[in-house]
Amino acid sequence: MAFKRRMSLFPLKIASSVFAGLVLVLAAALPARAETFQIVGLGDSLMAGYQLGPGEGFPERLEAALREKGHDVSVANAGVSGDTTSGGLSRLDWSVPDEADLVIVELGANDMLRGIAPASSEKNLDAIISRLKERGIGVVLAGMLAAPNLGDAYRQAFDGIYPRLAERHDVPLIPFFLDGVAANRGLLLEDGMHPNAEGVEVMVERILPVLEPIVAGEKQGA
């Protein structure tokens, strides 16, 4: 009886194997579903959305703008108000998940405001970029400019950080993250330092020409 029972199950096992094989073949024949391109904004209050309402911060508006152009992207906000390049480096590993495809590194403004030696800021940013590249994550470097009242020597040393690092690591550079906003009181909060909602829209518009080709190129290469 046991022998007959085993024999009756044998055709069922064959049928199951054939069915499983067909499923695998059909799955391989179907076009692969595109995965969402994941961007992380690693920065300070300019990235965090200081005093802005829900959905008004730079990462949120950047994601909306890219999606309006037909790109399947997500932009995570990893901005911390008051953060320095040192702080960004210390929290890098837990702020940027391994699934990230691209990180916008926007740090250094608080270093400048605190008068931290530019060489120290450059060293920290260099380490951040290096570690991200080692993890296989793309980088876009968002530059900052020193305030004029800090003097020519400091300004020249600080302003040169971002072009040097971009060239050294061969990464795209946004020369000045607040370009078109910093000198326009109508695009700033009352503190005269942080962008308001309208200012964020200008920043997004200025950065799109840098980011969109990267996202589009990734899709074509997928």
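Could you go through region 152-165 in sequence order and give the Karplus-derived ³J(HN,Hα) for each residue, using 6.51 cos²θ - 1.76 cosθ + 1.60 with θ = phi - 60°, rounded to whole Hz, and x for Gly and Pro?
Result, ordered by residue: 5, 4, 5, 4, 5, 5, 6, 4, x, 4, 6, x, 4, 5 Hz.
Using θ = phi - 60° and the Karplus relation 6.51 cos²θ - 1.76 cosθ + 1.60, list the HN-Hα couplings for region 183-198 in order, rounded to whole Hz, with x at every Gly or Pro.
Each residue's phi maps through the Karplus curve to give 9, 10, 4, x, 10, 10, 5, 4, 6, x, 10, 9, x, 8, 4, 5 Hz.
By how many nm would the segment from A119 to E56 lengthen if fully extended, with 0.36 nm per residue of separation less the alpha-carbon distance?
This chain segment gains 19.3 nm when fully extended.
Based on the alpha-carbon gyration tensor of region 39-80 and its eigenvalue square roots a ≥ b ≥ c, which shape applies: rounded if a/c is under 1.5, prolate if not and a/b is larger than b/c, or oblate?
It comes out oblate by the Cα gyration axes.
Label region 152-222 by shape, choosing from rounded, prolate and oblate, from the square roots a ≥ b ≥ c of the eigenvalues of the Cα gyration tensor; if a/c is under 1.5 it is rounded, and otherwise prolate applies when a/b is larger than b/c, oblate when it is not.
Because a/c hits 1.5 or more and a/b fails to exceed b/c, region 152-222 counts as oblate.
Would you mind checking region 169-200 for residues with the amide N under 17 Å from a putative spin-label position 7 Å along Cα→C-beta of E35?
The answer is none.
Using modelled amide H (1.01 Å from N, peptide plane; none on Pro or chain starts), what sits under 5 Å from the amide H of G143, excluding residues fewer than 5 places away?
Here the answer is I174, F176, F177, since their amide H atoms fall under 5 Å of that of G143.
Put +1 on the Cβ of each Lys and Arg and -1 on the Cβ of each Asp and Glu in region 101-215; which of G199, L107, A153 then has its Cα farthest toward the positive end of the dipole?
The Cα lying farthest towards the positive end belongs to A153.
Which whole-Hz ³J(HN,Hα) couplings does region 97-103 yield from phi under the Karplus relation 6.51 cos²θ - 1.76 cosθ + 1.60, θ = phi - 60°, glycine and proline marked x?
Once rounded to whole Hz, the list reads x, 5, 6, 4, 8, 8, 10.
Taking the Cα centre of each part, how many Å lie between region 39-104 and region 165-187?
Here the two parts' Cα centres lie 15 Å apart.
Laboratory data are not the source of any read-out in this text; all were calculated from the coordinates shown. On a predicted model such as this, the values are computed, not experimentally measured, just so you know. No Cβ is skipped: glycine too gets one built from the backbone with ideal geometry, and neighbour counts run over all protein chains shown.
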